[in-house]
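Okay, structure first, notes after.
Derivation of every value follows stated rules applied to the coordinates shown; laboratory data play no part. Being a predicted model, the structure only gives us computed values, none of them experimental. Note that we place each Cβ from the backbone using ideal geometry, even for glycine, and neighbour counts take in every protein chain shown.
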Amino acid sequence: MTKRFSTLLGQFGDATRRELVSNQLAQCVGAEQLLIFVRDPGSGEWRSGLGFKNSRLWKKLVEKAARQQTAETHRQKRVARAYAQGDAVLLLLGGQPKPQPLLDTLPLLATLLRHELNTDPEERSDFLGYANHEIRTPMAAMMGYVDILLRQSEDPDDRHYLEVIHRNGQLLLETLNDLFDLSRIRLNQLQVEKEPFELTPLIAEIRGQMEPEAQEKGLGLQIFFDTLVPRSLSSDRSRLRQILVNLLSNAIKYTERGWVRLSIRWADGELEFAVVDSGVGLDPETLPKLLHTQSIGLSISHQLVRLLGGKLEVSSESGKGTCFRFRLETPGPDLIDGNIELLTAPLQDYQLPDLAGLTTLVVDDREDIREIVRNYLEEAGATVYTTGEGQTALDFLKTKTVSVIVLDMHMPGMDGYATARALREQGLTTPILALTASANRGDRTSCMEAGCNSYLSKPVDRSALIGQVWTLAYTLQVLVVEDSPLAAHALKSMLESMGCTVEMAHSGAETRARLAEGCPTVILMDLGLPDVDGWDLLEWLRQHCPDSRVLAHTGRRPEEMIPPRPGLAFDGYLQKPAARKSLLQSLFPR
């Protein structure tokens, strides 16, 4: 029963799942179906909390049981038995039930159901935020120390065990993310953010994550682009990644031998993703319920695809595997061969930066989290100070100067939001990196409004932490001069992910107008603009923005970059499309 109730706690709020779980509980005590009713303390009315929604059908029986503790009647050729305890009534339909296990826990069930029925959305949202933080905080410590041990251990057996712990910890974290996302969907609080991003790096990233999981089961992981595909698309990158990881993970989990394949094709303005496996397949009766009741990962994927404007479909044949498929509307002006780029894409496309010479202040009430963050930053070369209180941080920064502040937003007493606001009120301009329970839109907005410059979700990823500290310490103002709006937005998205502040101009005239307001640190420009020759614009930039570095971002080959006048030259050259590693090296030469 413990396992059934733990399942039940995760299913409230979804009518289909609630009915499924109620039927499973009924089978545990020998009944065919189960209903639970709780009395509303205000109106005195009986409300259906678990099972069928139609409470009028059983109203008399429930009221009779409440008066005399038990009642019985025949409905639809089945015996309906009602058992009351206080303001809760358990109704069992059919079979020969032995209800005592459920009756022993009926008060607890009634309390939980009453909370589910009566809690307003704002209170539920507050609870979700609290639970999210409380779960992620110990996970941050666990994952962080495993990561440290992995980099320190040289024993092959120890490394293998640590890798298994780390990988399964990541899976647990993704499951938690799915659970919280399902709850947000129920409360209409989950929103998607559509921004341009490059497709191939995302697929390479997913490949790197899923390959160890497939290899552990002896499965082949096949990822193919069946057609030319758009270089970039406008969608929610993190949600698309979540969908594909969930589908691949589910396929690997239920495939015992053979292979799992992700295929991607583009046609008629739509990008199609298909995850196929060589497993045993599913029977026809299972398919209708699969996306709603069988798997948390599949259920959240179903909802996320819908939010992105698509529809998740599933087909299967017994003995021949299962296929999950969805399509997203995507224009394709810039088509590439994704297979070639995927073959050459590294699993990590840039080296971790060197933080030598930087100083950081880490503020977190948890000593274990402070220790992990300190370890990460010191290994990268930074000098690190730590404190567990917001007020201590304020006092420290009155006499000390640091390059970046790493600030936990959920602390007792003066929390991170109050600390950030106080620092900004004192006139401190030092970049602040917020550590949050999750990186949803509400958290991000709150962090930015408090005065933070960027954010990271717990558990803290080492690479992301070092990269964020580096980019905050060396924040660049970049002007992208590119006549293609889609290409400009894709480049803007990549630059912003590196911590840059980015403006865009699509012509020579627009470039001159923007630079009238001030010159940026870097100008990244295409030479083939519609209204001006690139070399003429460069000459103008040298006169009006002498301190700006001007980098050519062009489809021309190096031998074609011949200046019309001696002494006229760009500060750097990037051939389209510039990879992330090349951008980093050009923007941050050190």
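Solvent-free Debye calculation, one equal scatterer per alpha-carbon of the stretch 359-473: log10 I(q)/I(0) at 0.12, 0.13, 0.16, 0.19 Å⁻¹ equals -0.34, -0.40, -0.63, -0.93.
Placing unit charges on each Cβ (+1 for Lys and Arg, -1 for Asp and Glu) gives the stretch 413-539 a dipole about its Cα centre, and among 504, 480, 429 the Cα reaching farthest toward its positive end belongs to 429. Sorted from greatest to least, the principal axis extents spanned by the alpha carbons of the stretch 195-344 come out as 42, 31, 23 Å. Other residues with beta-carbon under 9 Å from the beta-carbon of residue 369 carry, at +1 per Lys or Arg and -1 per Asp or Glu, a net charge of -3. Going by neighbour counts of Cβ atoms within 10 Å, the residues 238, 403, 299 line up, fewest first, as 238, 403, 299. Length gained on full extension, residue 399 to residue 228: 55.8 nm, using 0.36 nm per residue less the C-alpha separation.
Is the shape of the stretch 477-587 rounded, prolate or oblate, going by the alpha carbon gyration tensor and its root eigenvalues a ≥ b ≥ c, with a/c under 1.5 for rounded and a/b larger than b/c for prolate? Rounded, because the longest to shortest axis ratio a/c is under 1.5.
Between residue 513 and residue 191, the modelled label-to-label distance comes to 2.9 nm, taking each label 7 Å out from Cα in the direction of the beta carbon.
3J(HN,Hα) along the stretch 520-535: x, 5, 10, 10, 10, 10, 7, 8, x, 8, x, 10, 7, 6, x, 5 Hz, from the Karplus curve 6.51 cos²θ - 1.76 cosθ + 1.60 with θ = phi - 60°, whole Hz, x for Gly and Pro.
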